[in-house]
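Here the structure is laid out as structure tokens; the discussion comes afterwards.
The values are calculated or read from the model by the stated rules, or taken from the named source; none is laboratory data. All figures in this text were calculated on a predicted structure; none of them were measured in a lab. All Cβ positions, even for glycine, are placed from backbone atoms using ideal geometry, and neighbour counts span all protein chains on display. SASA here: full protein model, heavy atoms, side chains in, ligands and nucleic acids out. Shrake-Rupley method; radii C 1.70, N 1.55, O 1.52, S 1.80 Å.
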Amino acid sequence: MEPAVDIQDLTKVFKLPSLNREQVVAVKNLSLQVAPGEIYGLIGPNGSGKSTTMKVLLGLISATEGSTAIFGQDSRKVSSRAEVGFLPENPYFYKFLSGQETLHFYGRLGGLSKKEISERSKELLALVDLEHARDRRLSGYSKGMLQRIGLAQALIQRPRLVVLDEPTAGVDPAGSRKIRDLILKLREEEISVILSSHLLEQVQEVCDRVGIIFNGKLCREGPMEELMAIEDQTEILLDKAPAELVEKVTALVAEHEGASLIRSGHPRTTLERLFLEETSGDSPDTRS
Amino acid sequence: MRVFYFLLIFSALILAATLMIQNFTQDPTRQLKVMKDMSFFAMSIFCTIFAIVATANLIPKDIEDRTLYTILAKPVPRFEYLFGKYLGGMLVIFVSVTVMTILLSAFLYLRQEALLSDLQEYMQVAEQEAEQAPGAIENEGLDLARVEASSLRAQGPSWSLLAAVVAISLQAMVLGAITLCVSTFASSGLFTVVVAFVVFFVGYIEPVVVDSWRSSPEGISGFSNLLISAVGVVFPNFQSFNLVDGIVAGETLPSGW
Ligand SMILES: Nc1ncnc2c1ncn2[C@@H]1O[C@H](COP(=O)(O)OP(=O)(O)O)[C@@H](O)[C@H]1O
Ligand SMILES: [Mg+2]
């Protein structure tokens, strides 16, 4: 089966409009695939090239080198966009339109008939929990509501792939939980998702596979469980262990040559640790 | 909506013109001519400014708001997007030109009727007087009034008027297309507006300048001639749309139009 997303050796260089021909290498030799039905998380600090990768994938900007395809169709072709929905980072829509009208507008762009749109938008407004605001103008929508109407807009023509650029950025915890639940619903419908985020806990909760991108390079990639496992370490998770048992175990470990206890206590998110490990160093935002 | 304030100003302008002209000239035909002249001037200015201002920011705004990303992420060819934006801008111009034309025709018609009925009244009185005391002097006044009436009739709303409106709209369409094109690569809205106005100005002035230059006794040197031809190719000739002067003067369109 054709991969939902196929990115081969993508390099994107921005030429800055200045006299000394400054260049920014936003993405460098990046390759990744997303299988149909898979939820892929692209994580990395600000300025690491996540949005740029997504824009090239959607044919919004051209690749300097390499190629990208959606379900086997080159991103440069208009037809490749028939099966994809996109929610950009901090999206704005036409403020003077209502939620309903916004869906109508994007439905038309997606090539749906009026009848299909009215059925589909009813479904989607229910899905993203915006039925109460369908006739309100977007100028009165909160950040979380905008993000959700953006998601509905992305789903209007029943795409098989959804690209979400920081879907929960700037949304409060309750709102971002709603969005997370929506993404999980997409998995049930076997829709492929590629999303970017720096909110790691969420990525950990929803993604099947993650890639860590830093300074335009994909530094680490793999299925969630594999990435989490640290090969030369073993974790023993004890339930209801009394303090003296923990002491005994600690003593036992100390007796053994070569082995050492790194940490004992309550388990934490390990993705966060991994993230910090991979991306420590100069942040692109602090480069001059 | 800001367009509609413009429309309001436009109609206020015609109205004010109608009322004011009466103080300047007693000649009824001239009154109508001046009225048309001022209205077309206003309409032409409105369309020129509007064609530039309304289109200059359409695309930059979509880029800034990232609406463009959501639109082009749908299976929409870029050409269709550009063309749709252009048509949207032109629709606003088309609607306002229609409204202005209706307003102008209505004002013109009412004013014409008023002037004609004044004349009619005068003619009736003159005819009665002529019957009572037949004499050459009074008849002359009557003849003059008849001539005046027929020239007045020629100044009312007509198809030629519509042709001038169409020419103004076409000019706005060309200018709008140029502005939209510039806005796709301009770094700022101000740059777009300035470039569009320069293009318009050069295209409007250039044919006139070149004509007078060509007919000057010294003629034009080879290099200047080349330069002029180059300018002529790059800048559209906005004089082609200038039917207004002739039509206001009461000319009808040459056949073949
Ligand atoms: N249009 C552009 N022109 C110049 N540089 C850009 C442009 N877009 C992005 N960049 C640069 O490319 C790098 C990657 O940006 P981006 O993909 O937006 O990162 P992320 O989405 O991971 O925060 C950044 O250093 C950014 O400054
Ligand atoms: Mg980004």
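Points worth noting:
- Residue check, B:Ile63 in contact with a Phe, Trp or Tyr (Cβ under 9 Å, 6 or more places away or on another chain), without any contact (Cβ under 8 Å) to a residue 24 or more places away in the chain, away from chain A (no Cβ under 12 Å) and loosely packed, with under 15 Cβ neighbours inside 10 Å: no
Quick grid of which residues meet (1) within 12 Å of another protein chain (Cβ to nearest Cβ); (2) in contact (Cβ under 8 Å) with a residue 40 or more places away in the chain; (3) within 16 Å of ligand 2 (Cβ to nearest atom):
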{"residue": "A:Glu2", "(1), (2), (3)": "no, yes, no"}
{"residue": "A:Leu10", "(1), (2), (3)": "no, yes, yes"}
{"residue": "A:Leu30", "(1), (2), (3)": "no, yes, yes"}
{"residue": "A:Gln33", "(1), (2), (3)": "no, no, no"}
{"residue": "A:Gly37", "(1), (2), (3)": "no, yes, no"}
{"residue": "A:Pro45", "(1), (2), (3)": "no, yes, yes"}
{"residue": "A:Ala82", "(1), (2), (3)": "yes, yes, no"}
{"residue": "A:Glu89", "(1), (2), (3)": "yes, yes, yes"}
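- The condition of being within 16 Å of ligand 1 (Cβ to nearest atom) and either at pLDDT below 95 or within 22 Å of the chain's Cα centre (by Cα) (or both) holds for A:Ser196.
- Pairs with Cβ under 6 Å, 6+ apart, first in the range A:144-162 and closer than 15 Å to A:Gln100 by Cβ and open to solvent by less than 20 Å² (accessible area, probe 1.4 Å), second in a strand (DSSP E or B) and among the hydrophobic types (A, V, I, L, M, F, W, C): A:Gly150/A:Leu87
- Failed condition for B:Ala54, given (1) under 30 Å from A:Gln147 (Cα atoms); (2) within 18 Å of the chain's Cα centre (by Cα); (3) at pLDDT below 75: (3)
- Residue match in the range A:206-218 (condition: under 20 Å from A:Phe71 (Cβ atoms) and aliphatic (A, V, I, L, M)): no
- Selection within the range A:12-28 - without any contact (Cβ under 8 Å) to a residue 24 or more places away in the chain, charged (D, E, K, R) and not in a loop (DSSP other than H, G, I, E, B): A:Lys15
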